[in-house]
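Undergrad: Before I ask anything, let me first share the structure, which is written out below as structure tokens.
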Amino acid sequence: MTFPRPSLLLTIWICWSGFLCLAQSPAKGFHWDWHKVERDNWVSIAQSKALASKERAGLIKAVASQLRSFMSDLGIESEQQLREAAARTRIKAFDLSGKGVGEFVAQGVGVGPEPPRLCSPTGNCEFWVFRQNGDKYSVILHRIATQSFTIQPTLTNGFHDLVLNQHGSAFEQGLTLYRFDGSRYRFVACYDANWEILGKDGEVHDQKEPRITPYSKESSPTPCLME
């Protein structure tokens, strides 16, 4: 399972002086097109044929640095296992800024009794967005998400907004909206997507399109994880 860390459990947003707080209220006019969810064509860093050798080495090093501080929690016992876990991380390349500067979305793998365990039994995994700067990669988002996410058509500070999914039930998902603040992606708001609705007849009916509602702590099947 994935072990929560303090940064993932913090549920109080602090607006530092001089910083534009993006999480003051739910985004107005939020729309999520579930048909455009990115969920397929993942490939591991080790197996990707599109990566140059320097890119491969840089991404393995970047992911390993993210995992090193909680190796014991993940069942990783050596630097060799750490590099192997990083190399198995799945990636997809995107241009989130539209300026030709590559970003890589990365997801951890590993479910079951054998380490490393970078995913929970429900399919929620470690999720990163790395921005390439020469041979180095900086983390501009790190969260827990399912094996799917959505690149929104809306832009903030020149980068596409992102929606990360979390499994709640067979008919419900938690959606978390992130926007770029100029240096990294920041939490904005949480929503629930529900494909079932209680009809006037008192029966539950399936819907072709999900009903999107603001997150409710009392009724949501998934937690709203803020930074």
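Undergrad: Filtering segment 217-227 down to residues that are over 12 Å from Glu172 (Cβ atoms) and in contact with a strand residue (DSSP E or B) (Cβ under 8 Å, 6 or more places away or on another chain), which residue is modelled with the highest pLDDT? Full working, then the answer.
TA: Going residue by residue through segment 217-227, those that are over 12 Å from Glu172 (Cβ atoms) are 217-218, 223-227.
This time we only want the ones that are in contact with a strand residue (DSSP E or B) (Cβ under 8 Å, 6 or more places away or on another chain), so: 223-227.
Numbers: Pro223: 73, Cys224: 79, Leu225: 66, Met226: 62, Glu227: 51.
Filtering first and then ranking leaves Cys224.
Undergrad: Right, here's the next one. Inside segment 155-206, can you point out the residues that are modelled with pLDDT under 80 and in contact with a Lys or Arg (Cβ under 7 Å, 6 or more places away or on another chain)?
TA: Matches in segment 155-206: Ile197 only.
Undergrad: Check Asn41 against each of (1) outside any helix (DSSP H, G or I); (2) of a type in the set (S, T, N, Q); (3) farther than 21 Å from Ala145 by Cα and name the one condition it does not meet.
TA: It is condition (3) that Asn41 fails.
Undergrad: Does Leu175 fit the bill of being in contact with a Cys (Cβ under 8 Å, 6 or more places away or on another chain) and not aromatic (Phe, Trp, Tyr)? Give the derivation first.
TA: On the way: in contact with a Cys (Cβ under 8 Å, 6 or more places away or on another chain): yes; not aromatic (Phe, Trp, Tyr): yes.
Yes, satisfied.
Undergrad: Being within 18 Å of Phe94 (Cβ to Cβ) and outside any loop (DSSP other than H, G, I, E, B) is the filter here; which residues of segment 156-175 pass it?
TA: Kept after step one, since they are within 18 Å of Phe94 (Cβ to Cβ), are these residues of segment 156-175: 156-165.
Answer for segment 156-175, where residues must be within 18 Å of Phe94 (Cβ to Cβ) and outside any loop (DSSP other than H, G, I, E, B): Thr156, Phe159, His160, Asp161, Leu162, Val163, Leu164, Asn165.
Undergrad: Still on this model: Given the structure, is Arg117 modelled with pLDDT under 75, in contact with a helix residue (DSSP H, G or I) (Cβ under 7 Å, 6 or more places away or on another chain) and not assigned by TED's automatic domain parsing to the domain that holds Tyr137? Outline the logic, then answer.
TA: Numbers: modelled with pLDDT under 75: yes; in contact with a helix residue (DSSP H, G or I) (Cβ under 7 Å, 6 or more places away or on another chain): yes; not assigned by TED's automatic domain parsing to the domain that holds Tyr137: no.
It is false that Arg117 is modelled with pLDDT under 75, in contact with a helix residue (DSSP H, G or I) (Cβ under 7 Å, 6 or more places away or on another chain) and not assigned by TED's automatic domain parsing to the domain that holds Tyr137.
The values are calculated or read from the model by the stated rules, or taken from the named source; none is laboratory data. These numbers were taken from a predicted model, which means no experiment stands behind them. Neighbour counts run over all protein chains shown; Cβ positions are idealised from the backbone, glycine included.
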